[in-house]
Amino acid sequence: MDLHPSEPSVVLIPLPLSDEKILYKAGSRYREARLRALLTDPGTFASSHEQEQAWPMETWTDRIQNKQAKTFLLVERHTGYDNLEALLGQPWFGCAILLGPKVKGAPDVRATEPPWFAFLPPHVPHESQDDSYPLPTLEYHLVGMFVLPEARGRKLGKKLVEDAVSAALAQGKTLGAESVKISVLVEINNHVALGLYTRMGFVTQKEEEFTDRKGERNVAYFMEQELPVSS
């Protein structure tokens, strides 16, 4: 299906999704789009199609429901939130997940392990969030970014990242932060992603070696952007 240039929209999945039918549909669409992305561009992901195809549906819905994750999806048309089943039931053409903010004592995000580890129990906010975060700077990490072929060439990847950054800034303001840091890990040979993040102001902080899904040594750039929170 081709997208009309004026129609694609970025949607932030509202949480919690208490309706099991809607959650299952969202998880199914997420799985469908993600597996297509893994088949289309296998070299740009740390995981593989074979690995993720074997995941139970619970894995996909748990990721969507994670309170430390904001899932932004690219759909043909934003139909509003009055009918979540219809909104989330559209085919997904892209996705980006903003993890964070990191709580005090959470480990650094590393290329040698899944970045989700820093945002899963026990590294989750306390019931009272007053002292959960290491203010004045909140740290976020962007993962799972992809745009499927039929939606490319329209700067929609940039739109996904912009909306994620805006959400981090808005939450930072709510939590009383002075600035937010947003980081990404990008494999050294992923020139498209490196170009996108560089143009958007992300700066390479360090290089990290890791073992990729083929068992080979590889290098990823840890890129970061720090932005002030408006008063």
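The values are calculated or read from the model by the stated rules, or taken from the named source; none is laboratory data. All figures in this text were calculated on a predicted structure; none of them were measured in a lab. Virtual Cβ from ideal backbone geometry, glycine too; neighbours counted across all protein chains shown.
For the structure I just gave you, tell me whether residue 159 is surrounded by fewer than 15 Cβ atoms within 10 Å (Cβ to Cβ) and of a type in the set (Lys, Arg).
On the way: surrounded by fewer than 15 Cβ atoms within 10 Å (Cβ to Cβ): no; of a type in the set (Lys, Arg): yes.
Criteria not met by residue 159.
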Original post:
Between a first residue in segment 206-217 that is within 19 Å of residue 194 (Cα to Cα) and a second residue that is not basic (Lys, Arg) and not in a strand (DSSP E or B), which pairs have beta carbons less than 6 Å apart while being 6 or more apart in sequence or on different chains?
Top reply: 208/111; 210/111; 210/112
**OP:** Pick out the one residue from 127, 162, 178 that is touching a Pro at 6+ places or on another chain (Cβ under 6 Å), free of Cβ contacts under 8 Å to residues at least 60 places away in the same chain and charged (D, E, K, R).
**Re:** 178
Original post:
In segment 193-211, what count of residues is obtained for those that are farther than 25 Å from residue 155 by Cα and touching a helix residue (DSSP H, G or I) at 6+ places or on another chain (Cβ under 9 Å)?
Top reply: 0
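Just name the residue that is modelled with the lowest pLDDT out of those in segment 62-89 that are among the β-branched types (Val, Ile, Thr) and over 13 Å from residue 24 (Cα atoms). It would help to see each step written out before you state the result.
Keep residues of segment 62-89 that are among the β-branched types (Val, Ile, Thr), which gives 64, 71, 75, 79.
If we keep only those that are over 13 Å from residue 24 (Cα atoms) too, we end up with 71, 75, 79.
Numbers: 71: 96, 75: 92, 79: 87.
Restricting to residues being among the β-branched types (Val, Ile, Thr) and over 13 Å from residue 24 (Cα atoms), the top hit is 79.
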Subject >> Top-ranked residue of segment 196-231 - restricted to ones that are of a type in the set (Gly, Ala, Ser) and exposed (fewer than 12 other Cβ atoms within 10 Å of the Cβ), ranked as farthest from residue 114 (Cα to Cα) >> reply: 231
Subject >> Residue in segment 6-47 that is surrounded by the most Cβ atoms within 10 Å (Cβ to Cβ), counting only those that are under 30 Å from residue 216 (Cα atoms) and among the acidic types (Asp, Glu) >> reply: 41
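For segment 1-100, list the helices (runs of 4 or more DSSP H) that sit wholly inside it and hold at least 2 residues that are under 24 Å from residue 139 (Cβ atoms); which are they? If you could, list the steps in order and put the result at the bottom.
Working: elements: 20-40, 49-53, 57-65, 84-89.
Helices (runs of 4 or more DSSP H) meeting the threshold: 57-65.
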**OP:** Exactly one condition in (1) at pLDDT 90 or above; (2) small (Gly, Ala, Ser); (3) at negative phi is not met by residue 176; state its number.
**Re:** (3)
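So, restricting to strands (runs of 3 or more DSSP E) that lie completely within segment 142-231, which ones have at least 3 residues that are among the hydrophobic types (A, V, I, L, M, F, W, C)?
Values: elements: 179-187, 203-211, 217-228.
It comes to 179-187, 217-228.
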Original post:
Of the conditions (1) out of contact with any strand residue (DSSP E or B) (no Cβ under 9 Å at 6 or more places or on another chain); (2) closer than 19 Å to residue 78 by Cα, residue 121 fails just one. Which one is it?
Top reply: (2)
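Can you say whether residue 147 is touching a helix residue (DSSP H, G or I) at 6+ places or on another chain (Cβ under 7 Å) and under 15 Å from residue 46 (Cβ atoms), as far as the supplied structure shows? Step through it out loud before you land on a result.
Numbers: touching a helix residue (DSSP H, G or I) at 6+ places or on another chain (Cβ under 7 Å): yes; under 15 Å from residue 46 (Cβ atoms): no.
Answer is no for this residue.
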**OP:** Go through segment 78-116 and count every residue that is over 26 Å from residue 206 (Cα atoms), in contact with a strand residue (DSSP E or B) (Cβ under 6 Å, 6 or more places away or on another chain) and surrounded by fewer than 20 Cβ atoms within 10 Å (Cβ to Cβ).
**Re:** 2
